[in-house]
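Peer 1: Dumping the structure here so I can ask a few things about it.
The values are calculated or read from the model by the stated rules, or taken from the named source; none is laboratory data. This structure is a prediction, so every number in the text was calculated from the model and none was measured. A quick note on method: Cβ atoms are made from the backbone with ideal geometry, for glycine too, and the neighbour counts reach across all protein chains shown. The protein model used for the area step is the full one, side chains on, heavy atoms only, and it has no ligands, DNA or RNA in it. Shrake-Rupley method; radii C 1.70, N 1.55, O 1.52, S 1.80 Å.
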Amino acid sequence: MVKLICLRDIGKHYGGEGGRPRTDVLCGIDLEIEAGEFIAIVGASGSGKSTLMNILGCLDRPSSGQYLFNGKDVATLNSDQLAELRRETFGFVFQAYHLIPTESARENVEIPALYAGVSETARQARATDLLKRLGLADRLDNSPSQLSGGQQQRVSIARALMNGGQVILADEPTGALDKETGESVMALLVDLAAGGHTVILITHDHQLAKQAQRVIHIQDGKIVGDKHSLSADYSQHSTLVSVQEHDNSRPPLTKTTHNHRNRLPREELRNAWRVLRINRARTLLTLLGIIIGVASVIVMLAVGEGTKREVMTQLNAMGPNMLHVGSTTPKAGGPRGVITEADLDAIARMPEVLRVMPMLRDTALVRRGAISRNYEVRATTAVLPAMNRWPIALGRFYTEEEDSNVAPVVVLGHLAYQRFFPDKSDPLGQQILIKNAPYQIIGVMSEKGSDSGYSNHDERLYVPRRTGMVRVFPAQRNDTYLIAEAVSSHLLQQAEKKLQGLLQERHGVDDFWVNNAAARHQAELTTRNNMTLMLALIAAISLLVGGIGVMNVMLMTVRERVREIGIRMANGARQRDILRQFITEAALVSLLGSVIGAIFSQVIIVILALIGVPVAFSLSAVVAAMVCAVTTGLMFGLMPARQAARLDPVAALAGE
Ligand code: ADP
Ligand code: MG
């Protein structure tokens, strides 16, 4: 018959390479253990008992020799298969209990079943049942620190039994307990042995060892004695036999529901949330880094986009290729210049110029019925709607013919219409008085809004140019101002230079100005674009810093929780389970940070909008910032998570 455990010439040494002194801890251990045996391994401190137990429990690999478990060479198993073997077969009871301090008694007991993929309800029911049978019915929700040593050791025994505990490995289980409590724990082990479990008790105490069926003496890493004790009699212990499932009709707890994909994430999320809550201050600081990063990226993009749109609107409002030309007094002194009709013709003939729009402007008293008010009146040619890309809302604009005929017609700006027609009645064909002379309303412009700094287009009245010159402003012919549209934006600059040269030549003095507003706006647009880019870059760096914060915190938690990782591994967690646990933590903290950051950014954007800063909301910026934050968080969290997953179970348990 195949023996449960068969060790052949097992050796274990530390060091030996790289100049470090070699310590042989185990030398030539041959040992066979049958299923159901109750064995005590006794020896002085430092004789290699724990080392042997770690090898037996597949927490550690021997340096030499062969370990057959159920006839299978353990050396052929990979780390996942070893984890499965530990999970399904072994139950560990340590001198230091090795419970996870942040989890309750019941949750600690559930761990082996958690990694076996047992459903939550089944897991909780079984853990509760085990703890009840071990006399801890009223301690289910207490954390280990709220339990006495004896109670903690009972919890760890319950955990060892969670997946069946076919082989119980107990390393000095009573070492940290007083005599009485120690005896009760021993009684439990004896019960388990009587119930059919294979129990391997490790102790330095010969009296304790005597309670086992078989006592193996170990000294300096060698077996020096192997006695079957005849005095061991378990008949008096039978109180806890029920801990073992005798009822074969009941399906085995594990292997029934290997459904990791569905159940673990929720468990991991809950654990991650708990870890974040326990280390509240640290979590807040990490969150702060991510929140600032995400919020600043979103706000910078919103402000950048907002100002860009504003400049674009202004640019579109005035038309893209416009040169503004007006007269002024020369710097050197002398009379104010006049832009004459001849000047206008010369400019209009320039090949770079598509069309010109001369304009007279001044305020005049405008009256209709009881409503009277000073308004800016503009007298210009019929090209205005086309040149300003400004459609008519109602009626029509005046024609060239009306212009040359000095027709007394007027087109109202949108706000002027609202002012004089508060009842919104039909204005077409109605009369309005400008400087007490009647004009017929033939149209209303659509709403345009104001461009940078100038008065509102919508609060003006428009009359034909000649009507203005002859009827409205007969005394002000000199104050002509004009807008010239270049053939294309490429020729704008050239047109500006030529126009300047032309007027200089014709006037002989510097009594005019040429304003290339479009170029100014274009330049502004470029500057703003560069600024947005720079701000976004700074914000992205702060996002990166947030990611590094995640890594920093994760590295700290890994270091702090080495023992916890060891405990999880001893109870069957695979490397990928540990990896997932830590990645979940990184993901949770960065997701939380980016959600709060996104909300925070919207608050800032609303505040900015209220104080008049141009901002533009963009969902894609929000999504992009959040995706970036979570990605950097995960990227930086991956390294510590891998470090955690690659820990050696024995070293991790020792808390190194
Ligand atoms: P016991 O459990 O019987 O007290 P251990 O198995 O813990 O003894 O240790 C046996 C010997 O192995 C001790 O002398 C100890 O110093 C040594 N030892 C254990 N672990 C290591 C290690 N990681 N590196 C070097 N020596 C070790
Ligand atoms: Mg030891």
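Peer 1: Inside the stretch 2-22, can you point out the residues that are open to solvent by 30 Å² or more (accessible area, probe 1.4 Å) and more than 15 Å from ligand 2 (Cβ to nearest atom)? Quick ask: steps written out before the conclusion?
Peer 2: Of the residues in the stretch 2-22, the ones open to solvent by 30 Å² or more (accessible area, probe 1.4 Å) are 2-3, 8-9, 13-14, 16-22.
Scanning the stretch 2-22 gives 2, 3, 8, 9, 13, 16, 17, 18, 19, 20, 21, 22.
Peer 1: I need the full set of residues from the stretch 34-83 which are surrounded by 19 or more Cβ atoms within 10 Å (Cβ to Cβ) and within 42 Å of the chain's Cα centre (by Cα), in order please.
Peer 2: Across the stretch 34-83, the qualifying residues are 54, 57, 58, 59, 60, 82, 83.
Peer 1: Given the criteria aromatic (Phe, Trp, Tyr) and within 30 Å of residue 115 (Cα to Cα), does residue 600 qualify? Quick ask: steps written out before the conclusion?
Peer 2: Values: aromatic (Phe, Trp, Tyr): yes; within 30 Å of residue 115 (Cα to Cα): no.
No.
Peer 1: In the stretch 84-108, how many residues are under 35 Å from the mean Cα position of the chain (by Cα) and either surrounded by 21 or more Cβ atoms within 10 Å (Cβ to Cβ) or assigned to a helix (DSSP H, G or I) (or both)? Lay out the reasoning, then the answer.
Peer 2: Here is the first cut: in the stretch 84-108, the residues under 35 Å from the mean Cα position of the chain (by Cα) are 84, 87, 98-108.
The next check asks that each one be either surrounded by 21 or more Cβ atoms within 10 Å (Cβ to Cβ) or assigned to a helix (DSSP H, G or I) (or both); those that pass are 84, 87, 98-99, 105-108.
Number of matching residues: 8.
Peer 1: What number of residues within the stretch 151-190 are open to solvent by 30 Å² or more (accessible area, probe 1.4 Å), within 16 Å of ligand 1 (Cβ to nearest atom) and under 22 Å from residue 139 (Cα atoms)?
Peer 2: Total satisfying the criteria: 1.
Peer 1: How do the pairs read when you match residues in the stretch 1-17 that are within 26 Å of residue 36 (Cα to Cα) and among the charged types (D, E, K, R) with residues anywhere that are open to solvent by 20 Å² or more (accessible area, probe 1.4 Å) and outside any strand (DSSP E or B), using Cβ under 9 Å and keeping only pairs 6 or more apart or on different chains?
Peer 2: What qualifies is 3/34; 3/35; 3/70; 3/71.
Peer 1: Does any residue in the stretch 194-215 that is within 21 Å of residue 57 (Cα to Cα) come within less than 7 Å, Cβ to Cβ, of a residue that is of a type in the set (Ser, Thr, Tyr) and part of a strand (DSSP E or B) six or more places away or on a different chain, and which pairs are these?
Peer 2: Taking only residues 6 or more apart or on different chains, the pairs are 209/203.
Peer 1: Then there's this: Give the residues of the stretch 208-225 that are touching a Ser or Thr at 6+ places or on another chain (Cβ under 7 Å) and in a strand (DSSP E or B), sorted by residue number.
Peer 2: 214, 215, 218, 219 - these are the residues of the stretch 208-225 that are touching a Ser or Thr at 6+ places or on another chain (Cβ under 7 Å) and in a strand (DSSP E or B).
Peer 1: Suppose we filter 528, 568 for residues that are modelled with pLDDT under 90 and not hydroxyl-bearing (Ser, Thr, Tyr); which single one remains? Spell out the reasoning first.
Peer 2: Values: 568 fails: modelled with pLDDT under 90.
Result of the check over 528, 568: 528.
Peer 1: Of the residues that sit in the stretch 132-150 and are open to solvent by 30 Å² or more (accessible area, probe 1.4 Å) and closer than 28 Å to residue 40 by Cα, which one is nearest to ligand 1 (Cβ to nearest atom)?
Peer 2: 148
Peer 1: Out of the residues in the stretch 510-561 meeting the condition of being assigned to a strand (DSSP E or B), of a type outside the set (Val, Ile, Thr) and open to solvent by 20 Å² or more (accessible area, probe 1.4 Å), tell me which one is farthest from residue 489 (Cα to Cα). Please lay out each step first, then the result.
Peer 2: Filtering the stretch 510-561 down to residues assigned to a strand (DSSP E or B) leaves 512-515.
Next cut, of a type outside the set (Val, Ile, Thr) only: 512-513, 515.
Restricting the remaining residues to those that are open to solvent by 20 Å² or more (accessible area, probe 1.4 Å) gives 513, 515.
On the way: 513: 20, 515: 15 Å.
In this case the residue turns out to be 513.
Peer 1: Same structure, new question: Cβ-Cβ distance below 7 Å, separation of 6 or more or different chains: which pairs start in the stretch 29-51 with a residue that is within 13 Å of residue 219 (Cβ to Cβ) and end on one that is among the hydroxyl-bearing types (Ser, Thr, Tyr) and within 16 Å of ligand 2 (Cβ to nearest atom)?
Peer 2: 42/203
Peer 1: Still on this structure, please answer the following. For residue 80, state whether it is within 12 Å of ligand 1 (Cβ to nearest atom), out of contact with any Leu (no Cβ under 9 Å at 6 or more places or on another chain), within 21 Å of residue 112 (Cα to Cα) and not in a strand (DSSP E or B). Don't jump to the end; show me each part of the working.
Peer 2: Values: within 12 Å of ligand 1 (Cβ to nearest atom): no; out of contact with any Leu (no Cβ under 9 Å at 6 or more places or on another chain): yes; within 21 Å of residue 112 (Cα to Cα): yes; not in a strand (DSSP E or B): yes.
When the stated conditions are applied, residue 80 does not pass them.
Peer 1: Assess whether residue 653 counts as being out of contact with any strand residue (DSSP E or B) (no Cβ under 7 Å at 6 or more places or on another chain), within 16 Å of ligand 2 (Cβ to nearest atom) and farther than 14 Å from residue 302 by Cβ. Show your work before the answer.
Peer 2: Working: out of contact with any strand residue (DSSP E or B) (no Cβ under 7 Å at 6 or more places or on another chain): yes; within 16 Å of ligand 2 (Cβ to nearest atom): yes; farther than 14 Å from residue 302 by Cβ: yes.
Criteria met by residue 653.
Peer 1: Looking at residue 129, is it open to solvent by 10 Å² or more (accessible area, probe 1.4 Å), without any contact (Cβ under 8 Å) to a residue 12 or more places away in the chain and either within 45 Å of the chain's Cα centre (by Cα) or within 16 Å of ligand 2 (Cβ to nearest atom) (or both)? Let's see the steps before the verdict.
Peer 2: Working: open to solvent by 10 Å² or more (accessible area, probe 1.4 Å): yes; without any contact (Cβ under 8 Å) to a residue 12 or more places away in the chain: yes; either within 45 Å of the chain's Cα centre (by Cα) or within 16 Å of ligand 2 (Cβ to nearest atom) (or both): yes.
The answer is yes for residue 129.
Peer 1: Scan (1) hydrophobic (A, V, I, L, M, F, W, C); (2) farther than 29 Å from residue 589 by Cβ; (3) touching a Lys or Arg at 6+ places or on another chain (Cβ under 9 Å) for the single condition residue 275 breaks and write down its number.
Peer 2: Just one mismatch for residue 275, condition (2).
Peer 1: In addition: If the requirement is being closer than 17 Å to residue 482 by Cα and at pLDDT 90 or above, which of these qualifies: 377, 409? Break it down stepwise before answering.
Peer 2: Working: 409 fails: closer than 17 Å to residue 482 by Cα.
None of the other options fit; the residue is 377.
Peer 1: Go through (1) within 16 Å of ligand 1 (Cβ to nearest atom); (2) touching a helix residue (DSSP H, G or I) at 6+ places or on another chain (Cβ under 7 Å) for residue 5 and report which single condition fails.
Peer 2: Failed condition: (1).
Peer 1: Related question: Looking at the stretch 8-54 only, could you name the residues that are under 21 Å from residue 75 (Cβ atoms) and in contact with a helix residue (DSSP H, G or I) (Cβ under 8 Å, 6 or more places away or on another chain)?
Peer 2: Hits for the stretch 8-54 are 10, 12, 25, 26, 29, 54.
Peer 1: A further question on this structure: With the requirement that a residue be of a type in the set (D, E, K, R) and either away from ligand 2 (no atom under 16 Å from the Cβ) or part of a loop (DSSP other than H, G, I, E, B) (or both), what does the stretch 36-77 give you?
Peer 2: Applying the first criterion (of a type in the set (D, E, K, R)) to the stretch 36-77 yields 37, 49, 60-61, 72-73.
Correct list: 37, 60, 61, 72, 73.
Peer 1: Then there's this: Sort out for me the helices (runs of 4 or more DSSP H) sitting completely within the stretch 571-656 that have 1 or more residues that are free of Cβ contacts under 8 Å to residues at least 40 places away in the same chain and surrounded by fewer than 17 Cβ atoms within 10 Å (Cβ to Cβ). Explain how you work it out, then say what you get.
Peer 2: Numbers: elements: 575-610, 619-645, 649-653.
Answer list for the stretch 571-656: 575-610, 619-645.
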